[in-house]
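Chemist: So that we are looking at the same thing, I have put the structure below in structure tokens.
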Amino acid sequence: MTYGAPVWEEAITKHKYLHKLQSAQRLINIKIAKAYRTISFEASCVMAGVPPIGIVIDGKVQLYKRKHGLENSDVVCDIPLPSKEWPHPAKQVTITETSETITYPIEIYTDGSKDASMLWGGSGHLL
């Protein structure tokens, strides 16, 4: 159904043609999901675990346009970096406090040194 998706780009903008594709996909989805014939198109897609044909065609059209340089948009795509150019994880995030006067109601100690159960041993006596 998605063969020649770039040709279908203009057709799926018209409700009449999109509805024909959806009804064909609905019949296939009913067979996949073994559902009743009264199920809606959207529900049949969910039950069969298949994305709606309009979204699939749109995705294939966008992919085709990006591969062939036919799209004029300001969308910037990430290009994979070689592993030797990856930044070190410790240098990626920097957190800066805007003011020193902020107090927080919760203190978190990840090493367990301030855990009350470790100090009291659970019996109420200090270890």
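Read-outs throughout are calculated quantities, based only on the coordinates presented, and are distinct from any laboratory measurement. Small disclaimer: the values here were computed from a predicted structure and weren't measured. Note: ideal-geometry Cβ built from the backbone for every residue, glycine included; neighbour counts use all protein chains shown.
Chemist: Gain in length, ALA35 to GLU9, computed as 0.36 nm per residue apart minus the alpha-carbon separation, to one decimal in nm?
Modeler: 6.4 nm
Chemist: A follow-up question, please. Put a dot 7 Å past each Cα toward the Cβ at THR110 and ALA90; how far apart are the dots in nm?
Modeler: That separation, rounded to one decimal, is 1.3 nm.
Chemist: Any chance you could run the full-extension gain for ILE102 through VAL50? It's 0.36 nm times the residue separation minus the Cα-Cα distance, nm to one decimal.
Modeler: 13.7 nm
Chemist: Something else: If the chain between ASP58 and THR2 were fully stretched, how many nm would it gain, using 0.36 nm times the residue separation less the Cα-Cα distance?
Modeler: Gain on extension, ASP58 to THR2, equals 19.2 nm.
Chemist: If you don't mind, another one. At R0 = 41 Å, how high is the FRET efficiency between ALA43 and LEU70 if r is their beta carbon distance? Nearest 0.05 is fine.
Modeler: About 0.70, to the nearest 0.05.
Chemist: Do any GluC sites (Glu not before Pro) in the range 1-59 lie in a DSSP loop with no more than 16 other beta carbon atoms within 10 Å, and if so, which?
Modeler: Passing both the DSSP loop test and the Cβ count: GLU9, GLU10.
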